[in-house]
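Peer 1: Handing you this structure, nothing more for now.
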Amino acid sequence: MSPMSTRPAIAVLLPAVERTPVANELRQAGYEPVAVEDSSELADLLATRRDIAAGILDVERDQEDAGRAWEALHSAGDIPCLLVVHPRTLDRLDLEAGHETDEYLTRPYSAESIRWRVEAMVIRSSAGDGTPVQPDAFDGGEWSRRGQLVAVFNPKGGVGKTMIAVNLAAALTARGKRVLLVDGDTVTGHIPTSLGMEGVGTVADAWRDELDGGPVLSFDEQASSHQSGLKVLPLSSSPIHTELLEPGRVASALARARRAVDVVIADLHPSYSPINRAVFDMADRIMVPVTPDLPAIRAGIKLVEVAEELGVRDRLSLVVNRAQSGVSVPDLERAIGMPAFGQIRSGGMLVVRALNEGRTLVEIAPREKITQEFLALADSLLGMTAKVSEPARQGLRLFGRQMAVRA
Ligand SMILES: Nc1ncnc2c1ncn2[C@@H]1O[C@H](COP(=O)(O)OP(=O)(O)OP(=O)(O)O)[C@@H](O)[C@H]1O
Ligand SMILES: [Mg+2]
């Protein structure tokens, strides 16, 4: 990616009528718009210039050529794409891995809205080389459409997955973010009760209704609101009525929920179930709580090996839970082989009290150190760009699949 000292060039592959107003707007914003006719012109451009920071692609006119253009941009160094689509097409898109850096814009759009999207993509991708992104830089305008999907997982029970998922979600909400907390533990999950919520609808309920002729609802629409503003959605309230929870559908719906909120947090059951594995594939980050004791550390080492095998090793983020209550953080980091993304101390009776009251730590104890650690964890999450995972280089095929119409 080119240095950000001068404003970069933007490749514009749009129908002629849209090209001129968009180019004018970009020029006013200080970018250099470079119009190209098709994917082969784009490839030539990329071969000669290194300062293309983003591409704007029409995906309606010629889907196949758009796929080639998308691949050209991604193989030239993961240059983010703004995909301009009809709302009808957007509704049918299934987000697949490889599209983490992309943005979507639906027609009709104003030239100005393109400018803000481009601004966001350029900021985001320039942060890919280590520069922290100002979280607030994404708050303005209407372009902040893509949230992140964070799975909280460790196959070892009792390490604090649920405690962390709930309180991290609450901390993000306190930071003004829109958050969807999904209780993905269909066996022993109890997030709604631990938040004092009753009569909460589940995904299994909604999909059963759908089979009976009810409406097709997104996860965001299915979720119930907690008093804090946090949205909560359990997959199921019963461990034995989960046959409708087709893993691929669950994972795609989670990924799609990123369009409605800033962060989707999925608290998972401690196992390598098909649902969990499907969620790993879609997650931007897999947050792994580990407690500082030997059995948990051993489980953590094993988890890293399995993640390697599943091809998701680079998405793991270690969170030391009950930090300072056993093995030191540096020793734990060394043993597991990765730096701690965050640390949460033992909250003792405060955690018990929160659970009893059906409330979160930010609500009952905003000044406590453990709450400050949750806020810091939230800030680290917001300050980082969504992970670019999977080699996007499978581009064309992914793109083709992505554009496939859902039945
Ligand atoms: N930092 C902490 N301070 C105090 N109590 C904690 C802390 N972390 C977890 N706990 C408590 O430890 C218990 C286990 O935590 P939690 O249920 O979050 O683990 P889990 O990994 O989700 O377990 P499971 O695998 O069974 O879903 C809970 O009672 C929780 O309140
Ligand atoms: Mg749990």
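The values are calculated or read from the model by the stated rules, or taken from the named source; none is laboratory data. Since we're looking at a predicted model, the values are computed, not measured. Methodologically, a virtual Cβ is constructed for each residue, glycine included, from the backbone with ideal geometry; neighbour enumeration extends over all protein chains shown.
Peer 1: Here are some conditions: (1) under 23 Å from Thr188 (Cα atoms); (2) in a strand (DSSP E or B); (3) within 16 Å of ligand 1 (Cβ to nearest atom). Leu303 meets all but one. Which one does it not meet?
Peer 2: (2)
Peer 1: Quick check on this structure: which one of Asp205, Asp209, Asp267 is under 17 Å from the mean Cα position of the chain (by Cα) and assigned by TED's automatic domain parsing to the domain that holds Ala354? Please lay out each step first, then the result.
Peer 2: Details: Asp205 fails: under 17 Å from the mean Cα position of the chain (by Cα); Asp209 fails: under 17 Å from the mean Cα position of the chain (by Cα).
The conditions single out Asp267.
Peer 1: Here's something else I'd like to know. Just to be sure, is Gly184 in the same structural domain as Ala323 (by TED's automatic domain parsing), modelled with pLDDT under 95, within 23 Å of the chain's Cα centre (by Cα) and within 16 Å of ligand 2 (Cβ to nearest atom)? Spell out the reasoning first.
Peer 2: Numbers: in the same structural domain as Ala323 (by TED's automatic domain parsing): yes; modelled with pLDDT under 95: no; within 23 Å of the chain's Cα centre (by Cα): yes; within 16 Å of ligand 2 (Cβ to nearest atom): yes.
Taking the combined requirement at face value, the residue does not satisfy it.
Peer 1: Condition (residue is surrounded by 18 or more Cβ atoms within 10 Å (Cβ to Cβ), small (Gly, Ala, Ser) and part of a helix (DSSP H, G or I)) applied to region 210-230: is it met by at least one residue? Spell out the reasoning first.
Peer 2: Within region 210-230, the subset surrounded by 18 or more Cβ atoms within 10 Å (Cβ to Cβ) is 219-220, 222-223, 226, 230.
Filter again for small (Gly, Ala, Ser), leaving 223.
Going one step further and asking which of them are part of a helix (DSSP H, G or I), we end up with none.
No, the conditions are met nowhere in region 210-230.
Peer 1: Listed residues Ser271, Ser238; which is hydroxyl-bearing (Ser, Thr, Tyr), away from ligand 2 (no atom under 16 Å from the Cβ) and either surrounded by fewer than 20 Cβ atoms within 10 Å (Cβ to Cβ) or without any contact (Cβ under 8 Å) to a residue 60 or more places away in the chain (or both)? Please lay out each step first, then the result.
Peer 2: Details: Ser271 fails: away from ligand 2 (no atom under 16 Å from the Cβ).
From the options Ser271, Ser238, the qualifying one is Ser238.
Peer 1: Among the residues in region 352-361, are any assigned by TED's automatic domain parsing to the domain that holds Val263, farther than 27 Å from Thr193 by Cβ and within 14 Å of ligand 1 (Cβ to nearest atom)? Please lay out each step first, then the result.
Peer 2: First, pick out the residues of region 352-361 that are assigned by TED's automatic domain parsing to the domain that holds Val263: 352-361.
Checking which are farther than 27 Å from Thr193 by Cβ leaves us with none.
Scanning region 352-361, I find no residue that is assigned by TED's automatic domain parsing to the domain that holds Val263, farther than 27 Å from Thr193 by Cβ and within 14 Å of ligand 1 (Cβ to nearest atom), so the answer is no.
Peer 1: What single numbered condition from (1) at pLDDT 85 or above; (2) farther than 25 Å from Gly311 by Cβ; (3) out of contact with any helix residue (DSSP H, G or I) (no Cβ under 6 Å at 6 or more places or on another chain) fails to hold for Leu73?
Peer 2: Tallying (1) at pLDDT 85 or above; (2) farther than 25 Å from Gly311 by Cβ; (3) out of contact with any helix residue (DSSP H, G or I) (no Cβ under 6 Å at 6 or more places or on another chain), Leu73 fails exactly one: (2).
Peer 1: Hey, any hits in region 328-345 for a residue that's crowded, with 19+ Cβ neighbours inside 10 Å and part of a loop (DSSP other than H, G, I, E, B)?
Peer 2: Going through region 328-345, the residues crowded, with 19+ Cβ neighbours inside 10 Å turn out to be 332, 336, 342, 344.
Checking which are part of a loop (DSSP other than H, G, I, E, B) leaves us with none.
The answer is no, given that none of the residues of region 328-345 is crowded, with 19+ Cβ neighbours inside 10 Å and part of a loop (DSSP other than H, G, I, E, B).
Peer 1: Please state which one of Ala206, Ala165, Ala169 is assigned to a helix (DSSP H, G or I) and either in contact with a helix residue (DSSP H, G or I) (Cβ under 6 Å, 6 or more places away or on another chain) or hydroxyl-bearing (Ser, Thr, Tyr) (or both). Explain how you work it out, then say what you get.
Peer 2: Working: Ala165 fails: either in contact with a helix residue (DSSP H, G or I) (Cβ under 6 Å, 6 or more places away or on another chain) or hydroxyl-bearing (Ser, Thr, Tyr) (or both); Ala169 fails: either in contact with a helix residue (DSSP H, G or I) (Cβ under 6 Å, 6 or more places away or on another chain) or hydroxyl-bearing (Ser, Thr, Tyr) (or both).
Matching residue, one of Ala206, Ala165, Ala169: Ala206.
Peer 1: Also: Pick from Ala169, Ala174: which is within 24 Å of Gly348 (Cα to Cα) and within 14 Å of ligand 1 (Cβ to nearest atom)?
Peer 2: Details: Ala174 fails: within 14 Å of ligand 1 (Cβ to nearest atom).
That would be Ala169, the only listed residue that is within 24 Å of Gly348 (Cα to Cα) and within 14 Å of ligand 1 (Cβ to nearest atom).
Peer 1: How many residues does region 177-209 contain that are within 16 Å of ligand 1 (Cβ to nearest atom), crowded, with 17+ Cβ neighbours inside 10 Å and free of Cβ contacts under 8 Å to residues at least 60 places away in the same chain?
Peer 2: Just the residues of region 177-209 that are within 16 Å of ligand 1 (Cβ to nearest atom), to begin with: 181-196.
Checking the rest, the ones that are also crowded, with 17+ Cβ neighbours inside 10 Å come to 181-186, 189, 191-192, 194-195.
Keeping just the survivors that are free of Cβ contacts under 8 Å to residues at least 60 places away in the same chain gives 192.
Number of matching residues: 1.
Peer 1: Pairs under 9 Å by beta carbon, first residue under 14 Å from Ser273 (Cβ atoms) and assigned to a loop (DSSP other than H, G, I, E, B) in region 150-161, partner more than 8 Å from ligand 1 (Cβ to nearest atom) and charged (D, E, K, R), six or more apart or different chains?
Peer 2: Every condition considered, the pairs that remain are Pro155/Lys302.
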